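**Q** One structure, pasted below without further comment.
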Amino acid sequence: RLTHLFSETLSGYGAVFGEYARYNDVFGTRDFTTAGARAGLVWDTRDNETDATKGFYLSAEAEPFHEFTYANTAVKAVGEARAYVAPGDGQRVVLAARIKAGMLAGMPIAETPPDKLFFAGGGGSVRGYGYKSIGVPTPLGLVGGRSLFETSAEIRFKATDTIGIVAFADGGAVGPRATPDFSDMRFGAGLGLRYYTALGPIR
């Protein structure tokens, strides 16, 4: 993998890869051999990567690849945007928002390596749902999807220099087609606690 810094806020990366893997899941035991390339851009103006109070983060990645066992050529693409703002003069209150979308085009789910498919759920996704518990239900069981949509909004309040409270609302969906499916959106909302350390907040 090669990374290039265009400026203090803009960077890009690229890589080529070859993989062989065997999976045992709801479709049985399958072998996959893939080769492809991966490239992306990141625009990051956040004031702090681990505890941002202002700025935004934009990323886009494309991954074209060929799978030799089933002779499929596909492309996977993921984009994400995050924004942070601290209203008022202080930084006791921070508003944060995030949106993420992904798609996989060119191959059916049953002929796709599972690690190329999308799942949602968990601490960095739709909170209130287990890690990777949101996918595509089938008669055989839950599998990953070919499209992903996630969004979240937070209000972060720093009660003291070391203790913070977060109110959040998340939403997300995983669909069987390459275009996002909003008909089965899952939502989670709640409160979180943060302990601020010199290395960053512990959630």
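**Q** Given 0.36 nm per residue, what is the gain on full extension from THR69 to GLU111 after removing their alpha carbon distance, in nm? Numbers along the way, then the final one.
**A** Working: separation 42, 0.36 × 42 = 15.12 nm, distance 0.87 nm.
Extra length available between THR69 and GLU111 comes to 14.2 nm.
**Q** Restricting the count to DSSP beta bridges whose residues both fall in the chain, what percent are antiparallel, rounded to a multiple of 5?
**A** Working: 94 of 94 bridges.
Counting only bridges with both partners in the chain, antiparallel ones make up about 100 percent.
**Q** Need one number: nm distance between label points at VAL85 and TYR196, each 7 Å from Cα along Cα→Cβ, rounded to one decimal.
**A** If labels sit at VAL85 and TYR196, their model points lie 2.1 nm apart.
**Q** THR53's amide H: which non-local residues (gap 5+, or another chain) put their own amide H closer than 5 Å, with H modeled 1.01 Å from N in plane and none for Pro or chain starts?
**A** Residues meeting the amide H criterion: ASP47, ASN48.
**Q** Compare the Cα positions of VAL143, THR50, TYR13 along the charge dipole of the range 1-156 (+1 at Cβ of Lys, Arg; -1 at Cβ of Asp, Glu; about the Cα centre) and return the one farthest towards the positive end.
**A** Farthest towards the positive end: VAL143.
**Q** Sort LEU41, LEU5 from largest to smallest accessible area, using a 1.4 Å probe on the heavy atoms of the protein chains. Provide the component values of the computation, followed by the final result.
**A** Working: LEU41 95, LEU5 125 Å².
Largest accessible area first, the residues go LEU5, LEU41.
**Q** Calculated FRET efficiency, ARG22 and ASP184, Cβ-Cβ r, R0 41 Å, to nearest 0.05?
**A** Details: r = 31 Å, r/R0 = 0.75.
Using R0 = 41 Å, I get an efficiency of 0.85.
**Q** With a 1.4 Å probe and all protein chains in place, put LYS54, LYS76 in order of accessible area, largest first.
**A** The ranking, largest first, comes out as LYS54, LYS76.
**Q** Solvent-accessible area per residue for the chain at a 1.4 Å probe radius, Å²?
**A** In whole numbers, the chain has 55 Å² accessible per residue.
**Q** Once the whole set of protein chains is in place, how much accessible area is left on SER183, using a 1.4 Å probe, in Å² to the nearest 10?
**A** About 100 Å², ignoring ligands and nucleic acids.
**Q** Roll a 1.4 Å probe over the protein heavy atoms and report the accessible area of SER11 in Å², nearest 10.
**A** We get 30 Å² for SER11.
**Q** Stokes-Einstein at 25 °C, 0.890 mPa s, Kirkwood radius from Cα pairs: D for the chain in µm² s⁻¹?
**A** On the way: Rh = 18.8 Å.
Calculated translational D: 131 µm²/s.
**Q** About the Cα centre of the chain, what is the dipole size in debye to 20, counting +1 per Lys and Arg Cβ and -1 per Asp and Glu Cβ, all else neutral?
**A** Numbers: 21 positive and 21 negative charges, 63 e Å.
Here the size comes out at about 300 debye.
The values are calculated or read from the model by the stated rules, or taken from the named source; none is laboratory data. Since we're looking at a predicted model, the values are computed, not measured. Cβ sites come from the backbone with ideal geometry, for glycine too, and all protein chains shown count toward neighbours. When the accessible area is computed, the model is the full protein with side chains, heavy atoms only, and any ligands, DNA or RNA have been set aside. Shrake-Rupley method; radii C 1.70, N 1.55, O 1.52, S 1.80 Å.
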